[in-house]
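Everything below concerns the one structure shown next.
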Amino acid sequence: MKVISIANQKGGCGKTTTAINLASSLSITGKKVLLLDLDPQAHASLGLNVDSPDSIYNVISKLTPRKLKLDDIIKTIEKKFDIVPSNILVGTLEQELADEIGRELKLSEVLNSQKSKYDYILIDCPPSLGFLTVNALRASSEVIVPVETSRFSMQGVDHLMDIVNLIRDRLNHPVNCRVLVTMFDSRLRHSFSMLSQFKEKFAGNLFDTIIHVNVKLKESAVMGKTVYYYDKYCRGTKDYLTLAKEIISLWESLAETSQSSASVPLSQRMREMIRQEASEFLSTPFTLEAPYAQSVYVTGSFNDWSLDESCRMRNEGGRWSVQLPLKAGTYKYQFIVDGKWQEDPQNPVKERNSFGDINSLIEVRADGELTAKSN
């Protein structure tokens, strides 16, 4: 079981939106998920139409006249997706427990009873670096830091990293920290500029998945639903499902592979994996004539429509190109030229997608031939 905090002291970065929709997406993949709303503003609870007089306050507080166990307040949201609601009283815990010994372990002690019941516990932290956030980080093995592409967000990540390092050093509790780019507007050149800075500054600690600006994410919260059950075909749904799959791959699949093959020498295991993987992939060229463009990416169904450095195209005299290793199959794709999405003008094979845009299609064949795309 993984306990993951979602934290950033800067408001308006998509923290609660990420907590709600990541929890839902993980449950859709078959994982049993508990979302703990630790924010006294109770935005995660409100965003899921949960209005409860009881909260995590009734579980942790020693002064409450209504003392409860965690099981007493858990609410079911969707199949395999539960929530522990919050309310304004949660904010008083910081003062109540300020002088108590072991106050930073209170949440860990509460969550111990749930570890056998859930695959993932997500904690939506308050937008501050106080007692509640420290408790959440101490209870977690991982922390996700949602950030919008702005300079102020980058500074906020630095402050949170300081707290993570403090917990590691003083409480002897290491926490793996990864940054998630949210509210990404691909229409703006500034977004790509800031994205490059994030990739440089947080290399190795940045999710490949990017959460794009999508009005359906706001609409679903107003309706008290997760985005998947509000509009399962929108970009917001696609982004959070992609994030869930990346998290499973990062924090589950690698661990399982390590355990199952622990008896095999590392060098031998690596050689076998590389040999098997390389034999399945075919080098596939993508090209675009765009002499006045400043940056060009190619993205598609082959990488779940994410943006990463492997999909950045190189410019040679106005002709942009990249070679991608793809398995045999049919793929949908688009180019992103200076932040604007467009189909391949040299490819006559296209289809309209659910966003009203046009996707180009390419078929990669096992014999190395390409169809449905001109070179």
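Where a number appears in this text, it was derived from the coordinates with a stated rule and is not lab data. As the structure is a computational prediction, the values presented were derived from the model and not from experiment. So basically every Cβ, Gly included, is an ideal-geometry build from the backbone, and we count neighbours across all protein chains shown.
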Search result, residues across the range 305-322 that are closer than 12 Å to F286 by Cβ and either surrounded by 13 or more Cβ atoms within 10 Å (Cβ to Cβ) or small (G, A, S) (or both): S310, C311, R312, M313, R319, W320, S321, V322
Every listed condition ((1) closer than 21 Å to F207 by Cα; (2) surrounded by 13 or more Cβ atoms within 10 Å (Cβ to Cβ)) holds for L288 save (1)
Identify all residues within the range 167-209 that are of a type in the set (F, W, Y) and farther than 16 Å from S306 by Cα; write none if there are none. F202
Take the residues of the range 106-165 that are in contact with a strand residue (DSSP E or B) (Cβ under 7 Å, 6 or more places away or on another chain) and under 19 Å from E96 (Cα atoms): which is surrounded by the fewest Cβ atoms within 10 Å (Cβ to Cβ)? A136
Taking the range 1-37 and the residues there that are under 21 Å from H212 (Cα atoms) and among the basic types (K, R), the one that is surrounded by the fewest Cβ atoms within 10 Å (Cβ to Cβ) would be K10
